[in-house]
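Notes follow the structure.
Quick note: the coordinates plus some simple rules give every number you see, no bench work behind them. Fair warning: this is a prediction, and the values are worked out from it, not measured in the lab. Please note: Cβ atoms are built from the backbone with ideal geometry, for glycine as well, and neighbour counts cover all protein chains shown.
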Amino acid sequence: MGYKVTFNNKNKVFFNALKAEVDAYFERNNLQKTGNWRLYGKTMILIPGAVGIYTALMMLDMHWALSTFLWFIFGLNMAAIGFNVMHDACHGSFSTKGWVNEIFGLTNNFLGGNAFMWKLKHNIIHHTYTNVDGVDDDINNMPFMRQCSSQPWKPMHKFQSAYMFILYGFTSLFMFFMDYIKYFSKKIYTTPLKKMTITDHVIFWGGKLFFIAFYIVLPIMLLGWQGWLVGFVISQGTLGLTLALVFQLAHVVEHAEFESAGVDPVKIENEWAIHQVKTTANFAFSNKLVTWFVGGLNYQIEHHLFPRISHIHYPAISRIVRETCEQFELNYIYFPSTRAAIASHVRFMHQMGQRP
């Protein structure tokens, strides 16, 4: 680890109590913690749906209005694959079989990323050091955006609550290019990259070539560069904005806490699980369409506490998490709607954009 950050895990009273209740729930109901027919049903809708839309756009002569709409739907479809399929697979919660998780984790390539890089960046760094400035790469968007008070302020940040949505639209492309920086620098932000195997290298370069062929070369050959450019901007903009917004609503909102790491070792006063609760937020439980589309990531607190449990179980275990948080007098951050969560994110980013 580049910066040394530790947690007060000597007495994990909160997590031990919570885990016992959650384990009892699965045992009582005779359930696997990984995905089931509900997740696999989603997969059979989302992946063939994306292939079908892409094929139609490449092969059929259609009115520009219809093609514009389909490129937009394609972007949403790809985001849904990221939330539902790739996310669970890369966390190892899609299936009980490791090889199945590895295969479906490769859908990360469709989004412009790489599963190897993503697992270190997201599973290990972000999930361990959530909202720790200096370590968590998810809040490392300087100089363009200031996302916590420990980051330096620049005059441009006064307007970040307005222009951030434009930047969010570049998320998938940013992810595509940043992988090269991680690959050649052999580190993710301040964390050294673990050694890659030959297979990891082959998948990395094969995935990048696939992305270029799938999203750029083939569409230009079949649609012309103008048709490709319109479709590329719409689909990638929709994909990027959707991915970024959902993940920003989880941590960069009002009431969520932040820590800061530096050259000197930092010891966070709370146990790891309490830190996750204090740095994470949920939204829109009552909206089943949102829950279905975002792969249960509106139950982000549950996900951060139990990343190896499939998202299809989060609504059921959220009651246990809320009750345990109440027992330990922990603030369970929740916004009743997506609109309320977005409004909180905008207010927070506006606040961070003001001169300290």
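What the table below lists for this structure:
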| item | result |
| --- | --- |
| Residues with amide H under 5 Å from that of Lys187, placed H, sequence gap 5 or more | Leu193 |
| Proximal lysines relative to Lys119, as straight alpha-carbon distance under 22 Å, when same-chain residues fewer than 8 apart are discounted | Lys4, Lys33, Lys97, Lys182, Lys186, Lys187, Lys194, Lys195, Lys208 |
| Protection-proxy order for peptides 253-260, 127-134, 85-92, each taking the mean of Cβ atoms within 10 Å per residue, highest first | 85-92, 127-134, 253-260 |
| Long-range amide H partners of Phe335 with built H, under 5 Å | Asn282, Phe283, Ala284 |
| Neighbour-count ranking [beta-carbon atoms within 10 angstrom, fewest first] of Ser337, Ser172, Ser161 | Ser337, Ser161, Ser172 |
| In Hz, Karplus ³J(HN,Hα) per residue of region 53-68 (6.51, -1.76, 1.60; θ = phi - 60°; x = Gly, Pro) | 5, 4, 4, 4, 5, 7, 9, 9, 8, 9, 4, 4, 5, 5, 5, 4 |
| C-alpha center-to-center spacing [region 173-192, region 9-78] in angstrom | 26 Å |
| Sites Trp99 and Ala162, calculated FRET efficiency, Cβ-Cβ separation with R0 41 Å, nearest 0.05 | 0.35 |
| GNM flexibility winner over the chain from Ile188, Ile198, Ile124 (Cα, springs under 10 Å) | Ile198 |
| Highest-MSF residue in the chain out of Tyr332, Tyr215, Tyr25 [GNM, Cα springs under 10 Å] | Tyr25 |
| Relative contact order [Cα under 8 Å, 6+ residues apart], region 81-189, whole percent | 21 percent |
| Computed over the chain: relative contact order in percent, which uses C-alpha pairs under 8 Å that are six or more apart | 28 percent |
| Table column - 3J(HN,Hα) (Hz), region 31-44, Karplus curve with 6.51, -1.76, 1.60, x for Gly and Pro | 10, 7, 7, 8, x, 9, 4, 5, 6, 5, x, 4, 4, 6 |
| Assigned charges on the beta-carbon of Lys, Arg, Asp, Glu; the chain dipole about Cα centre (debye) | 300 debye |
| Listed residues Met117, Met145, Met62, most fluctuating in the chain (Gaussian network, C-alpha, under 10 Å) | Met62 |
| Per-residue HN-Hα couplings for region 136-147 [Karplus 6.51, -1.76, 1.60; θ = phi - 60°; Hz; x = Gly/Pro] | 6, 5, 5, 10, 9, 10, 6, x, 6, 9, 9, 10 |
| 5 angstrom amide H check on Lys4, placed H, neighbours 5+ away | Val266 |
